[in-house]
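Below: one structure, written as structure tokens.
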Amino acid sequence: MMKFAKLLFVTVAFAILVAACGNTANNSTTSTTNTAKNTAPAHPRPRRCRPRMNSPPPKIFSEKCVGCHKENGTGGEKDVDGVKIKVPDLTSEKMKNEPDNDFIDIINNGDKEEGMPAFKGKISEQEIKDLVKLIRKEIQKK
């Protein structure tokens, strides 16, 4: 009787294993077929953790830059403490051709002659880099 129970157990376990393996193969085929039809993976890849461009930079741009450069980046004349300054047009070809490092340097250190304040220590290095990316992508449409 004991041998019969062991034999029955092994047979049932084997049958379950075969059935499970058979379903996996069928599911793989179905998933591949569905993937081809829907152009979406059966199991979506997990999202990589990366900084979101849409959060801090637009806020920083609206808080720190819009006052002089305007929302569209065109700049123009601005009265600052009774002194008229000419704010550069970020959409101009000249500004589009400026290297990113020059933008980063000006944002960090400012430019007294142009009336640009320094933001080093007021916003992080990463936020400054993200701000340059925002200017390139959203304002200069590069």
Expected output is a single nm value to one decimal: the length gained when fully extending between Lys96 and Asn108, i.e. 0.36 nm times separation in residues minus the C-alpha distance. What is it? 2.5 nm
Where labels lie 7 Å past Cα in the beta-carbon direction, separation of Glu63 and Lys86 in nm: 3.2
Rounded to the nearest 0.05, what FRET efficiency is calculated for Asp79 and Lys142 with R0 set to 30 Å and r the Cβ-Cβ distance? 0.45
Determine ³J(HN,Hα), in whole Hz, for all residues of region 101-114 in sequence, where each value follows from phi through the Karplus function 6.51 cos²θ - 1.76 cosθ + 1.60 and θ = phi - 60°; x replaces Gly and Pro. 4, 5, 4, 4, 4, 5, 5, 5, 9, x, 8, 4, 4, 8
Once R0 is set to 30 Å, what does the formula 1/(1 + (r/R0)^6) return for the Cβ-Cβ distance between Lys122 and Glu71, expressed as a FRET efficiency to the nearest 0.05? 0.90
If amide H atoms are modeled at 1.01 Å from N in the peptide plane, then the residues at a separation of 5 or more from Gly75, or on another chain, having amide H under 5 Å from its own are Lys70, Leu90
Sparse-neighbour loop sites [GluC sites (Glu not before Pro); region 73-137; at most 16 other C-beta within 10 Å; DSSP]: Glu113, Glu114
Under 5 Å between amide hydrogens, which residues at least 5 positions from Asp111 or on another chain qualify, with H placed 1.01 Å from N in the peptide plane? Met116
For Lys129, solvent-accessible area (1.4 Å; no DNA, RNA or ligand), Å²: 100
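The values are calculated or read from the model by the stated rules, or taken from the named source; none is laboratory data. Computed from a predicted model, the values in this text were never measured in an experiment. FYI the Cβ positions are ideal-geometry reconstructions off the backbone, even for glycines, and counts take in every protein chain you see. Ligands, DNA and RNA are stripped out before the accessible areas are found, and what is left, the full protein with its side chains, is counted by its heavy atoms. Shrake-Rupley method; radii C 1.70, N 1.55, O 1.52, S 1.80 Å.
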